[in-house]
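Reviewing the structure listed below.
The values are calculated or read from the model by the stated rules, or taken from the named source; none is laboratory data. This structure is a prediction, so every number in the text was calculated from the model and none was measured. Cβ sites come from the backbone with ideal geometry, for glycine too, and all protein chains shown count toward neighbours.
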Amino acid sequence: MARAYNFSAGPATLPEPVLRQAQAEMLDWNGVGASIVELSHRGAEFMDVAAQAEADLRRLLSVPDDYAVLFLAGGATTQQALLALNFAAPGQVADYVVTGHWGRTAIRQVEPYVRVHVAADGGPGGFRDIPPRDTWSLSADAAYVHITANETIHGVEFRDTPEVGAAPLFADFSSSIASEPVDVSRYGLIYAGAQKNLGPVGISVVIVRRELLQREGQPRADIFTYASHAARDSMLNTPPTWNWYLLGLTVKWMLDEGGVEEFARRNAAKAGLVYGAIDASGGFYRNEVAPAVRSRMNIPFFLSDETLTARFVAESKAAGLLALKGHKAVGGLRASLYNAMPVAGAQALVDFMHDFQQRHG
Ligand code: PLP
């Protein structure tokens, strides 16, 4: 059976070669007679897989040597809470720039631990734009400044790394990591749930400047301590070996395809196709985000006649285009165009959009 084009926001489509390799290795990994998921995380086989995944991710993202790369069980929301516990003193202020749903979620996770200062908030404008940098009110003594690099639901993306002064910049890159070149050294910490661009759900990546790991933070258990995870090569838990292995295959695939420069090119092409179709539809389709900050990864859009939305979702699914229903927080439709979505998938969506408009416009 042919694979459909899957526009899900996450868990998201994985590269077909990755799934095929995993399938081929499922019963017998490298002649060992067992799958990698059945082997000890302390054994030579998995240690190799883990080290290779880290080396490949470092290469893919050009991670400087003075940054630790952690592979942690669980999701991005967990990291959002751990930021405060690890890097802010009790009662210290932390600055948050809110550009959508996930920025708000990040604040909720730290409210028990820090004084949250909202330095800028796109909420009053309906999260259709990023408040200009010169309007942000950053605190003089913030433990860190937090941004969401790409807002998966509202479809708003930072196109440049903002300058934030002395406090380290922390960024949620869950839905845009590895989508284009990024200067990691501009950030104190980058975190991402894997389930969009990096592989399967159930594992998160944290890239953190090592000197920050010396901060005392707040009273917390060892298992919530990034420095402990770093000291134990992310094996303080029995790590999610299956997810780590699949993440490694996905990162290797991205390197083989040409790395982040190549994905930046493809992602610009895909987003250009879909925004182009929306903007050329004479109002039949509409995206409300300011063009300068439109996300290349997640495109929320609406039909001028919203009674047609359910029909669009059903007909597109029947045409082999999956998961185009919008998030319930904003409604409408949403196309997620992560790295594993080929340009041909975006073209198939655009062809369907034209066809649908002709039939219902
Ligand atoms: N941050 C962003 C930008 C996301 O898109 C998501 C999930 O979609 C999250 C955080 C939450 O991630 P998790 O479900 O892994 O906790």
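Only helices (runs of 4 or more DSSP H) whose full extent lies in segment 22-120 are considered here, and the ones with at least 2 residues that are within 16 Å of the ligand (Cβ to nearest atom) are 76-87, 101-110. Here is a check on your reading of the model: is I130 assigned to a strand (DSSP E or B) and β-branched (V, I, T)? Against the criterion (assigned to a strand (DSSP E or B) and β-branched (V, I, T)), I130 does not qualify. Filtering A22, A68, A50 for residues that are touching a residue at least 40 places away in the same chain (Cβ under 8 Å) and closer than 18 Å to F173 by Cα leaves a single hit, A68. Among the candidates R286, R296, the residue that is surrounded by fewer than 17 Cβ atoms within 10 Å (Cβ to Cβ) and in contact with a strand residue (DSSP E or B) (Cβ under 8 Å, 6 or more places away or on another chain) is uniquely R286.
Contact map, segment 219-242: residues that are under 19 Å from A194 (Cα atoms) paired with residues that are in a helix (DSSP H, G or I) and of a type in the set (F, W, Y), Cβ distance under 9 Å, separation 6+ or inter-chain. Pairs shown: Y226/F87; S234/W244; P239/F46; T241/F46.
Rundown of residues vs (1) free of Cβ contacts under 8 Å to residues at least 60 places away in the same chain; (2) among the hydroxyl-bearing types (S, T, Y); (3) out of contact with any Lys or Arg (no Cβ under 8 Å at 6 or more places or on another chain); (4) in a loop (DSSP other than H, G, I, E, B), yes/no style:
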| position | (1), (2), (3), (4) |
| --- | --- |
| T250 | no, yes, yes, no |
| L255 | no, no, no, no |
| K270 | no, no, no, no |
| V274 | no, no, yes, no |
| I299 | no, no, no, no |
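Pairs linking a residue in segment 138-157 that is at negative phi and away from the ligand (no atom under 11 Å from the Cβ) to a residue that is modelled with pLDDT of 95 or more and among the polar types (S, T, N, Q), with Cβ atoms under 7 Å and 6 or more positions apart or on different chains, are A143/Q92. Selection within segment 85-120: residues that are within 18 Å of the chain's Cα centre (by Cα) and small (G, A, S). The member of this set that is farthest from D134 (Cα to Cα) is A106.
Checking A44, A55, A24 one by one, the residue that is under 13 Å from L249 (Cβ atoms), among the small types (G, A, S) and out of contact with any Phe, Trp or Tyr (no Cβ under 9 Å at 6 or more places or on another chain) is A24 and no other. Count, please, the residues in segment 50-104 that happen to be more than 23 Å from E216 (Cβ to Cβ) and of a type in the set (A, V, I, L, M, F, W, C). The number of residues fulfilling the criteria is 14.
Within segment 170-191, restricting attention to residues that are within 16 Å of the ligand (Cβ to nearest atom) and free of Cβ contacts under 8 Å to residues at least 60 places away in the same chain, the residue that is nearest to the chain's Cα centre (by Cα) is F173.
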